[in-house]
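Please read the structure below before turning to the comments.
The values are calculated or read from the model by the stated rules, or taken from the named source; none is laboratory data. No experiment lies behind these values; they were computed from the predicted model shown. With ideal geometry, Cβ positions are generated from the backbone for all residues, glycine too; neighbour counts draw on all protein chains shown.
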Amino acid sequence: MALDKNQIAKRIARELQDGYYVNLGIGIPTLVANHIPPGINVTLQSENGLLGMGPFPFEGEEDADLINAGKQTVTLLPGSAIFDSATSFAMIRAQKVNLTVLGAMEVSDNGDIASWKIPGKMVKGMGGAMDLVASAENIIVCMMHTNKAGESKLLKKCSLPLTGVGCVKRIITDLGMFEVTPAGFKLTERAPGVSVEEIQGKTEGRLVVEGEVKEMEL
Amino acid sequence: MDKRVTDADAALKGLKDGMTLMAGGFGLCGIPENLIAALARNGAKNLTCISNNAGVDDFGLGLLLKTKQIKKMIASYVGENAEFERQMLSGELEVDLIPQGTLAERCRAGGSGIPAFFTPAGYGTEVAEGKETREFDGKMYVMERWLRADFSLVKAWKGDTEGNLVFKNTARNFNPLMAMAGTITIAEVEHLVKPGEIEPDHVHTPGIFVHRIFQGKNYEKRIEQRTVRKRA
């Protein structure tokens, strides 16, 4: 069975280490916050200027002046810090943030990522994604393995305008987990019940399969 | 120096067609609501507007798109505005999309007397096209220029008549940076106080960057994504 969005988030959450500063993008990455393993303390950075992002407020306690980068109302925690946008990206560019999790439209087998524009159709802008991918040492991309037309989003070469070049290290899709290596996408785990053959069939980029690939534990 | 003006309309004195403006805010959080409404009344046209976002259809900078006062928009993310998308795809509106961190730093540079800097963001993408790139210590960077504005419109929570500003929570965002980069910076505040009522240690934007200040009214403070949890 392919993973659902919450299962993808749950698997990513297992990559969190105690003490990490983490930036979670909009969409599936935001869900990672719901699955932080017990005993692991992480500090969430939101690029609109907040370190130590807390959960959504209780009903009636929303504050229009306190949102995350997805424009959702959030809360502060003891020890939170607020700062301006330049300071926020200073900590991103200077690699103080340990892990960045973000979505994508396409990823290529050399680690390029496209996520901000479909020429002539959709132009929303890159927001902070270009700054994040250009600087972060540890980037996990999470996305569905194929698009709505059933075509692979793991490609030899991205067809859409790029967000960053050669920057993606790991990818988690609904079908499996992959490491970007010089030889291509190395399959490190497969979703429970999903065969290597199915993943091969749905991956357009170079896929590296070494020995027995274990099933993902959730 | 007392920098008070009576209201938003008076604050915009000298604003002319074709000028470049900065407007603080992230989404609808921390936007100068009173000044944007006054700008719509003012009717100045062919404006270049620098702001992280472009508001929504009926609020924020979306109001100035509706009245076709904006000729060019410089932003990082514009996904919440259908009128914006229509004007952009039809070619009525010029749009320069730039990475959010680069936008913030370009404003900071403009307000700091630094004409250009190098950032890794956008290297190898269309954002870097036509720009100087250079290698430093084995990594490639793109040269970005400062941004400055004829008028910077910012919103703070509290300010004194000297122009010292304090922001609240994530309504800070781009406001302090844009305040630094304006030839004329106008601050609208929720609470305008006398000098001495803000602890000098607590000032976020020193008054030297602010030229005009007034207490705004009727703040709507619209929430874009109201997300809550149930009490246990």
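When the residues of region A:17-41 are filtered to those that are on the phi > 0 side of the Ramachandran plot and under 19 Å from the mean Cα position of the chain (by Cα), the one that is surrounded by the fewest Cβ atoms within 10 Å (Cβ to Cβ) is A:G19. Summed over region B:16-32, the residues that are more than 8 Å from the chain's Cα centre (by Cα) and closer than 14 Å to B:Q100 by Cα give a count of 2.
The strands (runs of 3 or more DSSP E) located wholly in region A:73-155 that include 1 or more residues which are within 14 Å of another protein chain (Cβ to nearest Cβ) and of a type in the set (G, A, S) occupy A:75-82, A:106-108.
Can you find even one residue in region A:185-196 that is free of Cβ contacts under 8 Å to residues at least 12 places away in the same chain, out of contact with any Cys (no Cβ under 8 Å at 6 or more places or on another chain), away from chain B (no Cβ under 14 Å) and more than 24 Å from A:G70 (Cα to Cα)? Yes, that holds for at least one residue.
Quick check on region B:60-117: of everything there that is among the charged types (D, E, K, R), assigned to a loop (DSSP other than H, G, I, E, B) and over 21 Å from B:R41 (Cβ atoms), which residue is farthest from the other protein chains (Cβ to nearest Cβ)?
B:E92
Against the criterion of being buried (at least 22 other Cβ atoms within 10 Å of the Cβ), within 17 Å of A:A9 (Cβ to Cβ) and modelled with pLDDT of 95 or more, A:L44 qualifies. Has region B:208-223 got at least one residue that is outside any strand (DSSP E or B), at the interface with chain A (Cβ under 9 Å from one of its Cβ atoms) and among the β-branched types (V, I, T)? Looking through region B:208-223, at least one residue is outside any strand (DSSP E or B), at the interface with chain A (Cβ under 9 Å from one of its Cβ atoms) and among the β-branched types (V, I, T). Checked against the criterion of being under 18 Å from A:L102 (Cβ atoms), out of contact with any Pro (no Cβ under 6 Å at 6 or more places or on another chain) and part of a loop (DSSP other than H, G, I, E, B), the candidates A:N48, A:N34 yield just one match: A:N48. Take the conditions of a type outside the set (S, T, N, Q), buried (at least 20 other Cβ atoms within 10 Å of the Cβ) and away from chain A (no Cβ under 12 Å) and apply them to B:L165. Does it pass? In short, no. Within region A:14-31, count every residue that is within 22 Å of A:K71 (Cα to Cα) and either in a helix (DSSP H, G or I) or among the polar types (S, T, N, Q) (or both). Of the residues in that region, 5 qualify.
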